[in-house]
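Enquirer: There's a structure below that I have some questions on.
The values are calculated or read from the model by the stated rules, or taken from the named source; none is laboratory data. Owing to the predicted nature of the structure, the values given are computational and were not obtained by experimental measurement. Every residue, glycine as well, gets a Cβ built from its backbone with ideal geometry; the counts of neighbours run over all protein chains shown. These area figures cover heavy atoms from the full protein model, side chains too; ligands, DNA and RNA do not enter into them. Shrake-Rupley method; radii C 1.70, N 1.55, O 1.52, S 1.80 Å.
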Amino acid sequence: MASEVFLYVPNIIGYIRILLLLIGWWCFNCPPIFVPCYVISIILDGLDGYAARRLNQISEFGAWLDVVIDNLGRGMLWSALFEWGYFVSALEWCVFVCTHSCMGAEWKSRFGCSPWWIQRVTANGFKSPLGVLCISGLHVLPVWLYGYQKGVLTEVLFVPFTLQCCGIAILTVGRLLCFAVEVWCLGMHIKFLTRTDQKTKEKD
């Protein structure tokens with residue numbers, strides 16, 4: 001019966017997202033192919049959560065798969081855009097390990113004991129003004145930078161240069177806010193690990 005989870009509609013959507021990311025990676029230097037593939041993958045990221053709730057197909061595997069695909073997509077993009085992009089990807093993977101090992105699929109709703117500014121960001125599953133800014137910086141900034149580097153914003157979307165720069169600035173603020181939350185999560189996980197080690201020593 002456990003194998004049925006692999007055929008849940010939200011997880012099938014996840015498999016489609018992986019396929020889109022693979023196509024996008026293969027055609028990274030071809031914006032007419034890469035951009036639709038990547039953007040559709042992001043859109044499907046919102047659809048799989050809706051499908052999970054609507055069809056009552058919420059699962060630990062689905063929650064894990066969703067974040068793995070997000071990290072794969074953003075990691076691919078950051079690493080291809082900048083030589084130092086790998087470090088952004090590495091940080092996101094570290095935070096993924098921390099949040100899911102301690103909190104599981106419900107990690108978004110378990111920030112009750114965090115500082116007030118963390119609670120403002122994570123309120124209602126990041127559905128707050130600061131949360132939207134944070135998630136926008138996380139998901140949109142790398143795509144925006146791709147569009148900036150490849151000329152998509154200028155030559156295809158005809159976005160004025162000033163607006164392009166404003167977009168980068170606002171999204172960077174959001175990503176830095178996200179970075180602050182990520183560092184806090186890492187710190188809390190380190191405290192959790194060291195506290196566990198201390199208790200083990202006391203028992204010995």
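Enquirer: Exactly which GluC sites (Glu not before Pro) in region 3-108 are in a DSSP loop and have at most 13 other Cβ atoms within 10 Å?
Expert: Here the sparse-neighbourhood loop sites are Glu83.
Enquirer: How much accessible area per residue does the chain have, counting only protein heavy atoms and a probe of 1.4 Å, in square angstrom?
Expert: Averaged over the residues of the chain, the accessible area is 59 Å².
Enquirer: For the ranges 64-71, 152-159, what's the packing order if you count other beta-carbon atoms within 10 Å of each residue, average per peptide, and put the highest first?
Expert: 64-71, 152-159
Enquirer: Could I ask something else about it? Evaluate 2.2 N^0.38 Å with N set to the residue count of region 21-76, then give the Cα radius of gyration divided by it.
Expert: For region 21-76, the normalised Cα radius of gyration is 1.26.
Enquirer: Where does the chain land at 222 nm, in deg cm²/dmol rounded to the nearest 500, when only DSSP H runs of n ≥ 4 count, each adding -39500 (n - 2.57), divided by all residues?
Expert: -27000 deg cm²/dmol
Enquirer: Loop sites only, by DSSP: take the trypsin sites (Lys or Arg not before Pro) in the chain that have at most 14 other C-beta atoms within 10 Å and name the longest stretch containing none of them.
Expert: Between exposed loop sites, the widest span is 1-109.
Enquirer: Can you give the net charge of the other residues whose Cβ lies under 14 Å from the Cβ of Gly73, counting K and R as +1 and D and E as -1?
Expert: So the surrounding residues net to -3.
Enquirer: Run the numbers on the chain and let me know its relative contact order in percent, using alpha-carbon pairs under 8 Å that are six or more apart.
Expert: 16 percent.
Enquirer: How would region 113-204 be classified by its alpha-carbon gyration tensor: rounded, prolate or oblate, with rounded meaning a/c under 1.5 and the a/b versus b/c comparison settling the rest?
Expert: Verdict is prolate for region 113-204.
Enquirer: Kirkwood-based Rg over Rh for the chain (C-alpha set), two decimals?
Expert: Here the Rg-to-Rh quotient is 1.00.
Enquirer: Leaving ligands, DNA and RNA out of it, report the carbon-plus-sulfur percent of the accessible area of the chain at a 1.4 Å probe.
Expert: 70
Enquirer: Still on this structure, please answer the following. Out of Trp116, Trp184, Trp144, any idea which swings most in a Gaussian network model of the chain, alpha carbons joined below 10 Å?
Expert: Between Trp116, Trp184, Trp144, it is Trp116 that shows the largest mean-square fluctuation.
Enquirer: Sort Leu81, Leu163 by accessible area with a 1.4 Å probe, largest first.
Expert: Leu163, Leu81
Enquirer: Could you check which residue among Cys166, Cys98, Cys37 shows the biggest mean-square fluctuation in a GNM of the chain with a 10 Å Cα cutoff?
Expert: Cys166
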